[in-house]
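Colleague: Okay, here's the structure, questions in a sec.
Here, each number is a calculation from the coordinates, and none is a lab measurement. Only a predicted model underlies this, so the values are computations on that prediction, with no experimental measurement involved. Neighbour counts are summed over all protein chains in view; Cβ atoms, including those assigned to glycine, are modelled from backbone coordinates with ideal geometry.
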Amino acid sequence: MAIKFEKIKAGDVLWDYHSVRAGNTTMRRWGNWRVRIIEIDHAAGFAIVSWNGNQPQKWFRRQLEKLRREMGKESSW
């Protein structure tokens, strides 16, 4: 379940969970990526995050509200 922007704080580890292509095919699979919140500015509506261990970048409120507190679980579709 997605989270509220107001409840996110610096130091949180959240999860990006969405559908991606499975290699060079038309099939899809579910993927999980770790997102570490480095700093957050609630007034301006953005945070500095490190997605999957990459360089820190600015993410805005809409992107952050799609994250989850727990790692996603694969669904059977």
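Colleague: Along the stretch 49-65, what does the Karplus equation 6.51 cos²θ - 1.76 cosθ + 1.60 (θ = phi - 60°) give for ³J(HN,Hα), rounded to whole Hz, x for Gly and Pro?
Modeller: These are the phi-based 3J(HN,Hα) values: 10, 10, 9, 6, x, 7, 4, x, 8, 8, 10, 9, 3, 4, 5, 5, 6 Hz.
Colleague: With unit charges on the beta carbons (Lys and Arg positive, Asp and Glu negative) and the dipole taken about the Cα centre of the chain, which residue among THR26, VAL13, ALA44 sits farthest to the positive side?
Modeller: Towards the positive end, the residue furthest out is THR26.
Colleague: Here is a further query. First obtain the Kirkwood hydrodynamic radius of the chain from its Cα pairs, then insert it into the Stokes-Einstein equation at 37 °C and 0.692 mPa s, and state the resulting D in µm² per second as a whole number.
Modeller: The calculation lands on 248 µm²/s.
Colleague: At 0.36 nm per residue, and after removing the present C-alpha to C-alpha distance, how many nm does the segment from ARG36 to SER50 gain when stretched out fully?
Modeller: 4.5 nm
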